[in-house]
Ligand code: BEZ
C-alpha cells in the first residue's frame, strides 16, 4: 500500500470514529436502490422524497450524521438486482441500503444483505420471504407483507356480501401473495374465487383478460396492480364497460398515487391499505402539508413508507449515537420502537414488519377516502427473526 493511501485511510478512520462524547459525526452513506425508470418510477421517487423529507425535518442529519445518498436505478428488474446491490456494498461502501419497490428485486437484495450483514430497510416490496424464511436481524421493513393488504381486502369484500370473485394480477411474488392473502380471508368467510387471471410483469395488455371477466360474470373483481400499470388497468376496466356491472376492488396500490391520471374511471373503486388521503389526524395533516410544500404534490403510501424508513433508521442510530457498527443495540432499538407514522403509529412484528391497521377506502374525486377499518392491528404471519 502506498503511503498516501495509508494516510488517507487513517484520516478516514479518524473522521468516522466516535468523538470523546461517544457521538459519531462522519457522513453516513445511504444507498437508495429504487426504480427510477419503468412502471414503478413514481413509486421510487415518492419513497426517496419521503425519506429525504424526514431527514430535512431533523435539520439534515440523523443522530448527528449528515447523509450522502448514493442512488441506483434497479429498473424493477430482478435479473440485475444482485449486481446492483453488490455495487452499492462493494464499490460504493454504503453504510446501509434502503430499497426497494418490486418483490423480486427485494428478494435478491435480502439474500445479499443477509450474507454480508448490511443493514437493509425495505420501504415497499412486500415479498413474504424477506421478513419470513429469508429474514435476518439486519433486515427491516417500513411497509407491509403482500399477504396483509390481500387478507384485509378479502375480509372487506366478503363483508360487503360478494360471493363469486375473479382475481387478476401480474404473475410474480407480489401478485401471487396478495391474491393468496385475499383468497385465504375471502374463502374463510364463505366466498369463492372462481377464476385467477394473470399476465407477466410489467405487461399491460389487459384486453383478453377483461373479455374473460365479462364472460364469467363474477359478483366482483379483486386486483393488484400499481404505478403506471394500475393507471392503465383502471382505465381499461372502465373502457371495457365492466365498471358499471362488476364492482372493482383491489389492494390500495391500485389507486394510490394514480388518481390524477385515472380521473373519473377510478371514481367509486374500493380498496384497502394501511394509508388513505383523508385520515385527518394532526400527525398526517402536518406530514401532508410539509410534503406538499416541499414537492408541490400530494403524498401517497409510498412517500409515507419512505418517510417511516428514515424514522426507523433515526431511532436505531440515535440509540447508538450514530455508530452504525453497534449493530445489536441499533437493532434492539428499532425492534422496540413505536413509529409515529402519518398512517397511524405502528410497532414491528417479531419478523421486523409493521403491525398496522388497514383502512377500507373509496375513491371520491381525487382522494382515497376512508370509509371504514378493513383489519385492525394486522400482523404478518411470520415466525420471527429477532436477535
Ligand atoms: C411489490 O412488488 O411487492 C409491490 C410493488 C408495488 C406495490 C406493492 C407491492
Of residues in segment 93-112 being closer than 15 Å to residue 34 by Cβ and more than 10 Å from the ligand (Cβ to nearest atom), the one nearest to the chain's Cα centre (by Cα): 99
Of the criteria (1) touching a strand residue (DSSP E or B) at 6+ places or on another chain (Cβ under 7 Å); (2) more than 12 Å from the ligand (Cβ to nearest atom); (3) within 19 Å of residue 315 (Cβ to Cβ); (4) assigned to a helix (DSSP H, G or I), which one residue 54 fails: (1)
Unique match (being touching a helix residue (DSSP H, G or I) at 6+ places or on another chain (Cβ under 9 Å), buried (at least 24 other Cβ atoms within 10 Å of the Cβ) and closer than 30 Å to residue 188 by Cβ) among 125, 129, 46: 125
In segment 295-310, the residues that are surrounded by fewer than 22 Cβ atoms within 10 Å (Cβ to Cβ) and either part of a helix (DSSP H, G or I) or at pLDDT below 95 (or both): 295
Some residue of segment 188-196 being in contact (Cβ under 8 Å) with a residue 40 or more places away in the chain, in a helix (DSSP H, G or I) and either more than 25 Å from the chain's Cα centre (by Cα) or away from the ligand (no atom under 16 Å from the Cβ) (or both): no
Check on residue 121, within 23 Å of residue 339 (Cα to Cα), more than 12 Å from the ligand (Cβ to nearest atom) and in contact (Cβ under 8 Å) with a residue 12 or more places away in the chain: yes
Test result for residue 166, surrounded by fewer than 21 Cβ atoms within 10 Å (Cβ to Cβ), at pLDDT 95 or above and either away from the ligand (no atom under 13 Å from the Cβ) or over 22 Å from residue 78 (Cβ atoms) (or both): no
Residues of segment 59-104 satisfying the condition of being in a strand (DSSP E or B) and over 24 Å from residue 317 (Cα atoms): 73
Residue that is closer than 21 Å to residue 255 by Cβ, surrounded by fewer than 22 Cβ atoms within 10 Å (Cβ to Cβ) and modelled with pLDDT of 95 or more, where the choices are 292, 319: 292
Any hit, segment 257-270, residues being surrounded by 15 or more Cβ atoms within 10 Å (Cβ to Cβ) and assigned to a strand (DSSP E or B): yes
Whichever residue in segment 132-163 is under 20 Å from residue 216 (Cβ atoms) and away from the ligand (no atom under 14 Å from the Cβ) and, among such residues, is surrounded by the most Cβ atoms within 10 Å (Cβ to Cβ): 154
Conditions (1) in contact (Cβ under 8 Å) with a residue 24 or more places away in the chain; (2) surrounded by fewer than 20 Cβ atoms within 10 Å (Cβ to Cβ); (3) over 26 Å from residue 99 (Cβ atoms): number failed by residue 205: (1)
Checking residue 44 against (1) assigned to a loop (DSSP other than H, G, I, E, B); (2) within 16 Å of the ligand (Cβ to nearest atom), the condition it does not meet: (1)
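The values are calculated or read from the model by the stated rules, or taken from the named source; none is laboratory data. From a predicted model like this one, the values you see are computed outputs, not experimental measurements. Heads up, the Cβs are rebuilt from the backbone with ideal geometry, glycines too, and the neighbour counts pull from every protein chain shown.
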